[in-house]
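K.L.:
This is the structure I have questions about; it appears just below.
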Amino acid sequence: MSPLPPSPEHAADCAAFRAALRREKLAARLALPAVEHAAGSAGIATHLAGLLAPRPPGTLAFCAPVRGEFDARPLAAELLARGWRAAMPVVVATAAPMIFRAWTPDCAMTEDRHGIPIPAAGPLLTPDVVLLPLVAFDPAGYRLGYGGGYFDRTLAALVPRPLAIGVGFELARAADIRPQAHDVRLDAIVTEAAVLRPA
């Protein structure tokens, strides 16, 4: 017997919970003092470097930082020097998977419709590893982003699926983000405190 679909009341309650959690965690990140942000970012970079070190050079996809996110550009530049390629996701349509455009530290940049910096031009690449910025995450390996669903659609469409690593500060941790059917579980989550590998 198939389970009953969630009621409209349940769906509305869940959406309200996630919206409130998103506001709370985003406000906490934006309020993070610069010294703590820098120290946390250094810890995240160290954990990420250790996680990626055993892998052969491939293509790393990451986002330009907005709203107080971790800045992965220095790490990406280091990987480029070791033979990796780097790319940034680009939204081509609201309901479509994103594409990934090659990035280098000196490439020309523009902004997408959401004001997020992206490479202005360049070849399209297929990522082997994707760093996903997160607003909140839970121990089960689910992330809460800004609500657009872009990464979930993109990861679901990529074959083979790249290694999906959520990246954020420890203050983003939550007991449960109440994942929805479309939410894609991450392979790992990296904060300044640890590398979480969901069971």
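K.L.:
Got a sec? How would L52, L30, L196 order by Cβ neighbour count within 10 Å, fewest to most?
P.N.:
L30, L196, L52
K.L.:
Note down the nm distance, to one decimal, between modelled labels 7 Å out along Cα→Cβ at R185 and at L124.
P.N.:
Each label point lies 7 Å from its Cα, and together they span 3.0 nm.
K.L.:
As I understand it, the dipole of region 8-196 uses +1 on the Cβ of Lys and Arg and -1 on the Cβ of Asp and Glu, about the Cα centre. Which of A87, L124, P57 lies farthest toward its positive end?
P.N.:
L124
K.L.:
Further, regarding this structure: Can you give the calculated 222 nm mean residue ellipticity of the chain, where each DSSP H run of n ≥ 4 adds -39,500 (n - 2.57) and the sum is split over every residue, rounded to the nearest 500 deg cm²/dmol?
P.N.:
One gets -9500 deg cm²/dmol as the mean residue ellipticity at 222 nm.
K.L.:
Now for a different question. Explain nothing, just the number: relative contact order of the chain, from Cα pairs under 8 Å at least 6 residues apart, as a whole percent.
P.N.:
22 percent
K.L.:
Report, in debye and to the nearest 20, how large the dipole of the chain comes out about its Cα centre when Lys and Arg carry +1 and Asp and Glu carry -1 on their Cβ.
P.N.:
With only Lys, Arg, Asp and Glu charged at Cβ, the dipole is about 240 debye.
K.L.:
Next up: Please compute the modelled spin-label separation between D13 and A199, points set 7 Å along Cα→Cβ, answer in nm with one decimal.
P.N.:
2.7 nm
K.L.:
With 10 angstrom as the radius, rank I44, I116 by how many other C-beta atoms surround their C-beta, starting from the fewest.
P.N.:
On the way: I44 24, I116 17.
Going from least to most buried by this count: I116, I44.
K.L.:
Now for a different question. Using r as the Cβ-Cβ distance of A95 and R161, and R0 as 22 Å, what FRET efficiency do you calculate, to the nearest 0.05?
P.N.:
0.65
K.L.:
Could you calculate the contour length gain from A28 to E170, that is, 0.36 nm times the residue separation minus the distance between their Cα atoms, to one decimal place in nm?
P.N.:
Taking 0.36 nm per residue and subtracting the Cα distance, the gain is 50.0 nm.
Read-outs: derived from the displayed coordinates by stated rules, not from any lab. Bear in mind the structure is a predicted one, so any value in this text is a computation, not a measurement. Cβ coordinates were reconstructed from backbone atoms using ideal geometry, including for glycine residues, and neighbour counts include every protein chain displayed.
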